[in-house]
1. What are the ³J(HN,Hα) values, in whole Hz, obtained from phi via the Karplus relation 6.51 cos²θ - 1.76 cosθ + 1.60 with θ = phi - 60°, for each residue of region 259-274 in sequence order, with x given for Gly and Pro?
2. Based on the Cβ-Cβ distance from Leu455 to Asp400, what FRET efficiency comes out when R0 is 35 Å, to the nearest 0.05?
3. Which shape class applies to region 309-456: rounded if a/c is under 1.5, otherwise prolate when a/b exceeds b/c and oblate if not, where a ≥ b ≥ c are the square roots of the Cα gyration tensor eigenvalues?
4. For region 3-103, rounded, prolate or oblate, judged on the Cα gyration tensor with a ≥ b ≥ c (square roots of eigenvalues), a/c < 1.5 rounded, else prolate if a/b > b/c?
5. Amide H of Val101 versus every other amide H placed in the peptide plane: which residues, excluding those fewer than 5 positions away on the same chain, fall under 5 Å?
6. Per residue of region 27-34, what does 6.51 cos²θ - 1.76 cosθ + 1.60 with θ = phi - 60° give for ³J(HN,Hα)? Whole Hz please, x for Gly and Pro, Karplus curve as stated.
7. If the limit is 23 Å between Cα atoms, which of Lys126/Lys342; Lys44/Lys356; Lys135/Lys449 go over it?
8. Considering every Cα-Cα pair within region 192-274, what fraction, in whole percent, is farther apart than 20 Å?
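No value in this document is a laboratory result; all are computed from the given coordinates. Predicted model, so just to flag it, every value in this text is computed and none were measured. Every residue, glycine as well, gets a Cβ built from its backbone with ideal geometry; the counts of neighbours run over all protein chains shown.
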Amino acid sequence: MTAFDSLKKYVCGKNITVVGIGISNMPLIRFLVKNGANVTACDKKTQDELGERAEELTNLGVSLVCGESYLDKLSGDIIFKTPGMRFDHPALEHARSNGSVVTSEMEVFFEVCPAKIIAVTGSDGKTTTTTLIYKILTESGFKCHLGGNIGHPLLCETDSIDKNDIVVLELSSFQLHTMKKSADVAVITNISPNHLDMHKSYEEYIDAKKNIYLHQSEKGVLVVNKSDKMSFSCAESAHGEVRTFGYDADCSVYEKDGSIFAFGEKIMDKSIIKVPGEHNVQNYMAAIAAAYPLAKKKSIIKVAETFGGVEHRIEFVRELDGVKYYNSSIDSSPNRTINTLKVFDKVILIAGGKDKGIPYDALGEHLAKKTKHLVLIGKTAPIIKKTLDDYTQKTGLGKDIAVDFCKTYDEAVMCARRAAKPGDVVLLSNASTSFDMFSNFEERGNLFKSIVNSLK
């Protein structure tokens, strides 16, 4: 009997509560019902707001607890929490004290997955690096499964995963916070202040990230960024092999004089990498380090030459009247926006959203040097404006940059269009999360693209 078979037997007859009726939890709920669990699903949204999802769950025999008081009587033999819910939420603590086992879809998947797991975390570059590993190994002939924050939930598909397959996961600090198992190969792209609206401190955020490798055996592999102080420091507490990437010749994978070398061999010229930006060169180096020695050199080169990037990451939308429009809605932190701005000369920037409680100070310099017009929207608009003002006051740079405040994305795009001249770039790179106005960054990016594509 496999571990997954044991899980199916274990959940049968159990009272199981799933917190969050989002798209990612729907397969989990269906799986639990199929295997004989008595399922309760909880969500802050009302049944009317959930619409077809609520109707489907009711038809499956799932009990629904919806609305503002959805956590008031949280209970069950097992509770699957949504990743964005803190492990020490009072409702979860109360349930634990009454004997509930609190877990998550990802924690259980690590327990039952029969295949090798390569997982990626970091403050920036997670999705691109994860995608690159998946594409490189698939191109090299391996059957791979993509999941975590990218792709789709894999727990319910464990039956289709063979021991010789490879699972590639993107993992957030939220998912890692309570993990007691680590990936076979763990990648940390970088660590900088992020999600401090969710974590109690920067130290807690760092500790959550470290769970990606802390439970490895001596057979585990940790890939760290030598150019990033915090990522590189994780090597000190690694239990297995450490691989580094960066710009020093003693790194496992490094870039020098325009070429990328890996484990003593020249792999490719970095000029063939289709996606722009030096940060993407680092993403490639991280991916190569993680995929070694399974990846074929020709496969790495082919992916570099053909992979055009992940949606919402410096995504070219269209050119209109000589103006190019780019969507980088994934840029939910100042550091992400800084990296994106480095790709361009001067842009008309649309930015702003919800504050994650992280510092914006470093953004001011890059706004002054890389933008010609700022279009600000959302709750962080005044914070972003202040970073530019503070830098201008110190240096005198950026005083000629026009700044507009808008209430809607239609208004923001039209404002940017009026400011743009042939040869200009209009860039959506928010430096903030989407949650003040949207469910996620994809929804924000899709709205931006829709508005831009409707322009005549």
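1. 10, 9, 10, 9, 6, x, 10, 6, 9, 5, 7, 5, 5, 7, 5, 6
2. On the way: r = 27 Å, r/R0 = 0.76.
Efficiency, from the Cβ-Cβ distance: 0.85.
3. Details: a/c = 1.58, a/b = 1.19, b/c = 1.33.
The shape class here is oblate.
4. Working: a/c = 1.76, a/b = 1.05, b/c = 1.68.
Cα axes put region 3-103 in the oblate bin.
5. Ile78, Ile79
6. 3J(HN,Hα) across region 27-34, in whole Hz: x, 4, 4, 4, 4, 5, 4, 4.
7. On the way: Lys126/Lys342 18 Å; Lys44/Lys356 21 Å; Lys135/Lys449 26 Å.
Flagged as over cut-off: Lys135/Lys449.
8. Numbers: 1579 of 3403 pairs.
The answer is 46 percent, as a whole percent.
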